[in-house]
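The values are calculated or read from the model by the stated rules, or taken from the named source; none is laboratory data. Small disclaimer: the values here were computed from a predicted structure and weren't measured. Here the Cβ positions follow ideal geometry from the backbone for every residue, glycine too, while neighbour counts run over all protein chains shown. These accessible areas exclude ligands, DNA and RNA; they are computed on the full protein's heavy atoms, side chains included. Shrake-Rupley method; radii C 1.70, N 1.55, O 1.52, S 1.80 Å.
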Amino acid sequence: MDKMTLRDVALKGKRVVMRVDFNVPMAKDGSGKITDDTRIVAALPSIKYVLEQGGSLVLMSHLGRPKGVKLGAAPNPGNAAFTLKPVAEALSEKLGLPVKFVPDCMAADAVVKALQPGEVALLENTRFYKAEDGKVKKDDEKKGIHLTDEEFAAKKAELKAARIEMAKKLASYGDIYCNDAFGTAHRAHASTAVIADYIQPAVSGFLLEKEIQFLGDAVENPVRPFVAILGGAKVSDKLAVVKALLNKVDTLIIGGGMAYTFKKAQGFKIGTSLCEDEQVAYCKEMLEAAAAKGIKILLPVDSVIANKFPETKDASDIEIKTVEGDIPDGWMGLDIGPKSVALFAEAVKGAKTVVWNGPMGCFEFAPLAKGTYGVCDAVATVKANGGVSIIGGGDSVSAVKKSGKAAEMSHVSTGGGASLEFLEGKVLPGVAALTAKK
């Protein structure tokens with residue numbers, strides 16, 4: 001990695017403004033209980049390092065998708081469910097020291113100035129301010145908004161200016177900026193990228209460094225054979241990734257809902273399975289391009305199908321069977337079948353680099369989880385056999401954790417969208433903004 005990291009700067013007596021990813025899942029009962037603290041735990045090495053080196057910390061993060069308001073306005077009272085206060089309490093427990101919670105990220109001057117070496121403050125959700133992302137829609141049917149070109153341009157300019165002002169304010173809280181939030185590194189937000197224009201040096205934390213190292217090596221210098229596994233619902237979500245990976249991998253495995261658009265492109269009947277008809281031609285092109293390059297694309301050879309999508313957690317309300325080839329009318333594919341698991345596992349078995357993004361089926365329902373967990377078992381053997389296995393994407397990460405195989409993977413990424421964009425070969429704004437090593 002050619003960017004400066006925390007190891008490259010003197011931290012004693014310095015105040016570090018650190019962007020972390022504390023976008024953790026919360027219980028839906030309004031209790032504020034954190035149901036998975038993985039992202040908090042992942043940030044601890046960077047946090048502890050700063051404190052051990054004699055620095056103080058101002059931490060900032062977003063949580064969920066609250067309704068942002070204009071810069072300078074009071075936080076929206078409807079955003080109570082998105083407060084980071086429970087995270088401050090959880091972090092305090094893990095560090096064994098008080099974490100000062102600041103209820104407004106744009107009004108932290110007094111708390112920040114009083115911070116002593118070894119002390120930590122956590123700012124309230126940065127997305128309580130619309131200036132954080134600066135997004136504006138030209139047309140929004142739900143809100144009845146239809147802007148003219150002039151109004152749209154003016155609104156974008158207003159929000160861009162607000163984003164810069166927010167970045168300047170956040171930058172004023174520290175001497176050094178550190179980005180350790182890989183999960184938002186693909187966003188050019190005030191707290192993730194723009195801030196680096198107003199505070200130097202801007203360095204990487206250890207988590208971000210690790211993510212870039214693993215994904216970078218996989219993309220730029222993979223040990224072969226290199227196998228990529230893509231799943232999830234939509235082809236359109238991964239169009240660019242499929243195209244980019246065809247120039248890098250030896251074998252591309254496609255499962256999940258997105259596989260049925262490819263199967264239709266091959267001429268199979270897919271019943272009522274998820275299909276993006278507008279992408280069928282694209283899938284056909286990709287299959288032809290892979291064949292021309294001598295790259296294997298493996299698609300499911302059998303499917304676990306149901307007469308409808310389940311409405312109960314145990315899927316007891318549906319009829320399930322396994323078929324090969326065509327899927328009958330009125331039935332939908334919801335998981336890959338045992339022959340597909342064996343086919344995919346055989347391809348993975350000899351791989352030295354495996355990147356997996358997206359489940360093989362609706363693994364949230366126990367009867368439809370065998371495909372995803374079967375692939376998980378196969379990928380778990382790669383590290384033990386001297387290879388590298390990288391898991392990216394929220395659902396595949398969740399599946400790996402539920403399977404109990406997370407410790408057997410080389411790297412489990414904290415960033416779904418960021419890891420996908422990195423695999424596409426895109427420049428991540430949150431990384432590009434950091435100071436280059438001399």
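Tabulated data
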quantity	calculated
Which listed residue, of M409, M360, is within 29 Å of L208 (Cα to Cα), touching a residue at least 60 places away in the same chain (Cβ under 8 Å) and either surrounded by fewer than 23 Cβ atoms within 10 Å (Cβ to Cβ) or among the aliphatic types (A, V, I, L, M) (or both)	M360
Long-range neighbours under 8 Å by Cβ, at least six apart or interchain, first residue among the basic types (K, R) within segment 317-346, second exposed (fewer than 14 other Cβ atoms within 10 Å of the Cβ) and at pLDDT below 95	none
Output for segment 220-254, where each listed residue is touching a residue at least 12 places away in the same chain (Cβ under 8 Å), under 16 Å from V354 (Cβ atoms) and open to solvent by 10 Å² or more (accessible area, probe 1.4 Å)	P222, V223, R224, P225, K248, D250, T251
Residue within segment 125-140 that is touching a strand residue (DSSP E or B) at 6+ places or on another chain (Cβ under 7 Å) and closer than 24 Å to G205 by Cα present	yes
Residues (open to solvent by 40 Å² or more (accessible area, probe 1.4 Å) and not basic (K, R)) located in segment 1-25	M1, D2, D8, A10, G13, N23, P25
Helices (runs of 4 or more DSSP H) wholly inside segment 351-438 that include at least 2 residues being at pLDDT 95 or above and over 19 Å from the mean Cα position of the chain (by Cα)	370-384
Segment 26-81, subset polar (S, T, N, Q) and either modelled with pLDDT under 90 or open to solvent by 30 Å² or more (accessible area, probe 1.4 Å) (or both), residue farthest from Y129 (Cα to Cα)	Q53
Residue under evaluation K138, criteria (1) modelled with pLDDT under 90; (2) out of contact with any His (no Cβ under 8 Å at 6 or more places or on another chain), criterion not met	(2)
Top-ranked residue in segment 255-309 [being among the β-branched types (V, I, T) and free of Cβ contacts under 8 Å to residues at least 60 places away in the same chain; ranked as most open to solvent (accessible area, probe 1.4 Å)]	V301
Residues (of a type outside the set (K, R), part of a helix (DSSP H, G or I) and closer than 27 Å to D329 by Cβ) located in segment 240-284	A259, Y260, T261, F262, A265, D277, E278, Q279, V280, A281, Y282, C283
Breaking point among (1) assigned to a helix (DSSP H, G or I); (2) more than 23 Å from the chain's Cα centre (by Cα); (3) more than 19 Å from V241 (Cβ to Cβ), for F344	(3)
Hits in segment 129-170 - residues which are farther than 15 Å from R187 by Cα, assigned to a loop (DSSP other than H, G, I, E, B) and open to solvent by less than 50 Å² (accessible area, probe 1.4 Å)	L147
